[in-house]
1. Explain nothing, just the number: relative contact order of the chain, from Cα pairs under 8 Å at least 6 residues apart, as a whole percent.
2. For the chain, return all DSSP H helices satisfying: extent of Cα atoms along own axis at least 15 Å; mean Kyte-Doolittle hydropathy at least -1.0.
3. What does the extension gain come out to for Asp182 and Arg119, with contour length at 0.36 nm per residue minus their alpha carbon separation?
4. Between region 181-242 and region 32-107, what is the separation of their alpha carbon centroids in Å?
5. At R0 = 51 Å, how high is the FRET efficiency between Ser256 and Lys144 if r is their beta carbon distance? Nearest 0.05 is fine.
6. For Leu83, list long-range residues whose amide hydrogen, built 1.01 Å from N in the peptide plane, is under 5 Å from its own amide hydrogen.
7. Would you mind computing the Rg to Rh ratio of the chain from its alpha-carbon coordinates, Kirkwood style for Rh?
8. Heavy-atom accessible area per residue, the chain, 1.4 Å probe: how many Å²?
Amino acid sequence: MTIQWFPGHMTKARRQIEDKLKLIDVVIELLDARVPLSSRNPMVDEILKGKPRLVLLNKNDLADPQVTSQWVKYFADQGLPALPIDAATGTATKEILPRVKQLWAHKIERQISRGINPRAVRALIVGIPNVGKSTLINQLAGKKIAATGDKPGVTKGQQWIKVGTEMDLLDTPGILWPKFEDQLVGQRLAATGAIKEELLHLDDIALFVVRYMVEHYGAALQERFGVTDLPEDMENVQEVVKVMEAIGRKRGAIVSGGKVDLDKASLIIIRDLRAGKMGRISLEKPQ
């Protein structure tokens, strides 16, 4: 399965970011805590040109806390402070402004030493579609400013948002990259909802999810769906399909003749993963 997704408005969004960069003090890079590297646009380093950056690991409530701790260390080793948050509930979002100000502290101190009243820090927020940017902006602003949705592509243009008196935040549309060189990246993003479902084969995505769950979270899969026999050879597609069929039977995804509706079973698996109903699951670990 090949997943490619780069509509024209994303090319435009990149140009908009580059045009506004000279106005920006600090960049807030929003990632999905379940798939931090896969949800990180590889073009960002090139686009941002060394701007001070705070990495936010969003949807932390859905991610494996032990794996998230590994990711925080991973980014720290690269000189990037990382903060796990949950924009939907506001968990740890109050720590964002102090972290941003810390990154810009040297400039603030310089302004004060010159007798200048420091202006608000200008921060750019970047992230791929459906990573939770609009939800975070509304949380920081304390009111609904940005449109939100559970599908990618909700934000269409740029807008400046005031966060109190100390930070001005520039929102941008989510940007994916032209092609996933590693198809595993595309599968992870599809599983977490960063790519529109119309572009996917749901059974392929569910196949990836079940295979990963059996290998890393087998007990959680068994507890959620009541399946007992998990295959040892996860490279055997037919063995993985048998697990999907067992889940479909447990959930009543049956068509005439007693066969399992694999599309319906796949949707159940994917939706349960995204909703956190299998527990806190991370789909990749630092290498």
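1. 22 percent
2. Within the chain the helices that satisfy the rule are 65-77, 202-216, 237-250, 262-274.
3. Once the chain is fully extended between Asp182 and Arg119, it gains 18.4 nm.
4. 26 Å
5. Approximately 0.65, to the nearest 0.05.
6. Val55, Leu56, Leu57
7. With Rg and the Kirkwood Rh in hand, the quotient comes to 1.03.
8. 48 Å²
The values are calculated or read from the model by the stated rules, or taken from the named source; none is laboratory data. This structure is a prediction, so every number in the text was calculated from the model and none was measured. Reconstructed Cβ throughout: ideal geometry from the backbone, glycine too, with neighbour counts over all protein chains shown. Calculation scope for accessible area: heavy atoms of the full protein, side chains included, ligands and nucleic acids excluded. Shrake-Rupley method; radii C 1.70, N 1.55, O 1.52, S 1.80 Å.
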